[in-house]
1. Treating only the Cα positions of the stretch 398-438 as identical point scatterers, give the base-10 log of I(q)/I(0) from the Debye formula at each q in 0.13, 0.16, 0.28, 0.33 Å⁻¹.
2. Please order 181, 87 by the number of other Cβ within 10 Å, starting at the fewest.
3. Return 94, 70 ranked ascending by Cβ neighbour count within 10 Å, so the fewest neighbours appear first.
4. How many nm separate the modelled label positions at residue 179 and residue 394, each set 7 Å beyond the Cα in the direction of the Cβ?
5. Between residue 325 and residue 352, what is the label-to-label distance in nm when each label sits 7 Å out along the Cα-to-Cβ direction?
6. What number results when the radius of gyration of the stretch 262-403, computed over Cα atoms, is divided by 2.2 N^0.38 Å?
7. What residues from the stretch 274-309 fall in the zone where the backbone N is under 20 Å from a label point 7 Å along the Cα-to-C-beta line of residue 169?
8. As a footprinting exposure proxy, order 298, 148 by other Cβ within 10 Å, with the fewest listed first.
Amino acid sequence: MADDTDTAPGGPPDAATAADPQQRRTVLVLVLAQVLSGAGLAAGVTVGALLAAEMLATTAYAGLPAALFTAGSAAAALVVGRLSQRWGRRAGLTFGYLTGAVGAAGVVVAAVLDDVVLLFVAFAVYGAGTATNLQARYAGADLAAPRHRGRAVSTVLVATTVGAVAGPNLVGVMGDLAAGWGIPPLAGPFLLGGAAYAAAGVVLWVLLRPDPLLLARERAEQAEPRPEAAPARTSVSSTAQTAAPATSATTLAPPPQVAEPTDRQVSRTVLLAGTIMVLTQGVMVAIMTMTPIHMEQHGHAVATAGFVIAVHVGMMYLPSPLSGWLTDRFGPVRVAVAAAATLLAAGLVSALVPPSSVAGLAVGLGLLGLGWSLGLVSGTALLTTSVPLATRARTQGSVDLAVALAGAAGGLGSGFVVASSSYAALALGGGALALLVLPVIAFAARAPARRTSRSAPE
């Protein structure tokens, strides 16, 4: 598994980025965009399932909106990653946020027309905003010192908290506003979501200059040794060999080289990082999606469900600085283990508290958010450190595609699990599923040890 050193593969040296003014500017711009986009991210999560249940007149497919959000997020993650790889983070992130804004407008139109097909298509397009919100964390790490990447990622994520907590608590206000305009109240939050995503896209397009990924590549190229130096070194060595044969072996000895990670090592680390984030996302989306439905079925108001989701989303992002510090201090693998344990605790609490207990459900969803934070930050840091700049954005987009598909599966499957069994079964099963990260970590840790023992002299 990759280990942070002073120089990441394909990246600039630590000293070059420790107090980088361009890194500080990049993070500030990303923070502003994340504050705006957070409102769009959380508003749809709060009422998407309720709007679908109202238009379909059944809760059996209530998990479908979250599945469509995340399916659209999966496609958008790949597109945003490819655009960022070719033209930089600014182009990719702006495209993603503006696409999410178009999706939000489509949801509102579908609700007004009572068109279920258009609603589902719009949900998928709206998911682009979710993908972009997550992809922004990579932009925060492009210029960061390797030993500070966990904190750089967490700073970008924590900025989402402001909008993400405000969004669900504005459900009632936006519903009343929408009703006054002749729009179904449950579509109201998507008005806020569309405006928030559009504003975030404009901020990034105007202010994210220079582009962090393109600048990181430029610095990496400048840091590479010049090939012209090789002939001069050979000439000097040859002269020294002629003048002093007794010391020629010392003179000609090459300088010690730091071993570069092999393609196999990089692939194994990418697999481990992806597994951490895939399990984290799938479990989180499954339990979160059905919580508003579970609460509504037990007599809670929509605003009360919005409060619980606000606690959940706040705990997804607010503890990010802690997640980043822990990742930088103890390493991403240990933090991933803590994430699995926290998600298990979230499933246990959510399953065992009485459905009438708003406080109990808030604690369960809060733990769910914290587990997600630990898993996402640790997985992101592990992935960013292991992949060279030449392929970084494309690889990140591909991994986020898998993460989004896991969320889609969790969202879609959650409705069927609850319809055929119970919310408690969903919560317990999700918590247990998170523990699958442990054997993957054990396998990744044992593989280098086996190779070392085979290669050791008899």
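1. After summing over all Cα pairs, the log10 values are -0.32, -0.46, -0.97, -1.05.
2. 181, 87
3. 94, 70
4. About 5.3 nm, to one decimal.
5. 2.9
6. 1.15
7. Counting backbone N atoms under 20 Å from the label point, the list is 292, 301-309.
8. Working: 298 13, 148 20.
Ranking 298, 148 by Cβ neighbours within 10 Å, fewest first, gives 298, 148.
FYI, it's all coordinate maths here, none of it is from the lab. From a predicted model like this one, the values you see are computed outputs, not experimental measurements. No Cβ is skipped: glycine too gets one built from the backbone with ideal geometry, and neighbour counts run over all protein chains shown.
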